[in-house]
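The values are calculated or read from the model by the stated rules, or taken from the named source; none is laboratory data. Because the structure is a prediction, the values reported are computed rather than measured. Quick reminder, even Gly has a Cβ in these numbers, built from the backbone with ideal geometry, and neighbours come from all protein chains shown. Surface accessibility is based on the protein's heavy atoms, side chains included, excluding ligands, DNA and RNA. Shrake-Rupley method; radii C 1.70, N 1.55, O 1.52, S 1.80 Å.
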Amino acid sequence: MRMTSFRRSGIALAGIAVAALTLSACSSTPAATDAGDEAKTSYKIGISQFVQHPALDAATAGFKDAFADAGVEVEWDEQNASGDQANAVTIAQGFGTAGLDLVLAVATPSAQTAAQAITDVPILFTAVTDAVEGQLVDSNEAPGGNVTGTSDLAPIDEQLALLQEIVPDAKKVGIVYASGEVNSQVQVDAATEAAKPLGLEVVTKTVTTGNDIAAATEALGDVDAIYVPTDNMVVAGIASLVQVAEDKKIPVIGAESGTVEGGAVITLGIDYTKLGYQTGEMALKVLEGADTATMPVEVSKEFAYVVNEGAAERMGVTIPEAILAEAEKVE
């Protein structure tokens, strides 16, 4: 899904590179060609996606689009862990012995298992909120190993301000998230801090399986709105959360557009197709010889409003006309 509506610039994690770095024999990323050798004309790339849901599917598609647009031939080995950590480990171990030129890991759990199992092949990640907290890189500016990629860190402060605009009388905001996802804890902590100057209280409930989502949403109690971070388990099971929210007339604000497609009212979020494409552009540079160890982690360059007017009606809120005029609309 392409977003062609209201845009805001993302905040770069990496900053501006201060100098060009010369690749040497000790580079973390093997160069695609050696001096005097013919350039490779095709590559074998493995994709490990943690779970199937619209945001991650879009990121994977965008990554592949970058190669198609560059005219680079790729033999793809696409694997999906179906939200199971053990499956992600098995996929990573298989990729480690598959003779791949590069690995794409989609979402934090898949990136973590790939980084642990594969040390001699470049790994690009996408849809990872905090690569440092996830122990994927030494720093966003200088990853330091065979792993780099793109972060889907959302503009949480702006999203909570948007929540307040949609639900002006809101005092309590509920968040349901998976206790085992590092990226989710990072976002919950950030949301708790961002809520303070807005006079909002954050109420949280955790889940360990998708089957827990409905009960956890009920257990939020008397909240005025629900914020859904880019939590893989909750986004994959968003229908359960939305059903409870609609029954209780509690507006749901998402961190990304897939959640809005799934029944949330609105987001000011990331275009995951473009984020995946951005990751693909980084991967192409790596295959040309760029070093992952010195290639900074990148973030989304723009955000956009996406609204679901049907969800707004079912949850009893009105979206301001100024936002509707600029927003992409989904059902």
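A compact table of results
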read-out	value
Tally, over region 252-299, of residues that are small (Gly, Ala, Ser), within 30 Å of residue 168 (Cβ to Cβ) and open to solvent by less than 20 Å² (accessible area, probe 1.4 Å)	7
Qualifying residues in region 167-210 (those that are part of a strand (DSSP E or B) and touching a Lys or Arg at 6+ places or on another chain (Cβ under 9 Å)) - the one farthest from residue 254 (Cα to Cα)	201
Region 150-166: number of residues that are aliphatic (A, V, I, L, M) and open to solvent by 40 Å² or more (accessible area, probe 1.4 Å)	2
Test: residue in region 134-149 that is open to solvent by less than 10 Å² (accessible area, probe 1.4 Å) and free of Cβ contacts under 8 Å to residues at least 60 places away in the same chain	yes
Index of the failed condition, residue 90 passing every other in (1) free of Cβ contacts under 8 Å to residues at least 12 places away in the same chain; (2) closer than 25 Å to residue 270 by Cβ; (3) of a type in the set (Ser, Thr, Tyr)	(2)
Per-region count, region 179-193, residues among the aliphatic types (A, V, I, L, M), touching a residue at least 40 places away in the same chain (Cβ under 8 Å) and more than 28 Å from residue 313 (Cα to Cα)	2
In region 91-114, the residues that are open to solvent by 10 Å² or more (accessible area, probe 1.4 Å), more than 18 Å from residue 51 (Cβ to Cβ) and aliphatic (A, V, I, L, M)	98, 100
Which listed residue is surrounded by fewer than 24 Cβ atoms within 10 Å (Cβ to Cβ), β-branched (Val, Ile, Thr) and modelled with pLDDT under 95, from 244, 330	330
Selected residue [closer than 25 Å to residue 257 by Cα and either touching a Leu at 6+ places or on another chain (Cβ under 7 Å) or among the aromatic types (Phe, Trp, Tyr) (or both)] from 81, 59, 70, 55	59
Single residue of region 300-315 satisfying the filter (at pLDDT 95 or above and open to solvent by 10 Å² or more (accessible area, probe 1.4 Å)) that is nearest to the chain's Cα centre (by Cα)	305
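A quick yes/no check of all residues on (1) at pLDDT below 95; (2) among the polar types (S, T, N, Q):
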{"position": "214", "(1), (2)": "no, no"}
{"position": "218", "(1), (2)": "no, no"}
{"position": "225", "(1), (2)": "no, no"}
{"position": "258", "(1), (2)": "yes, no"}
{"position": "278", "(1), (2)": "no, yes"}
{"position": "281", "(1), (2)": "no, no"}
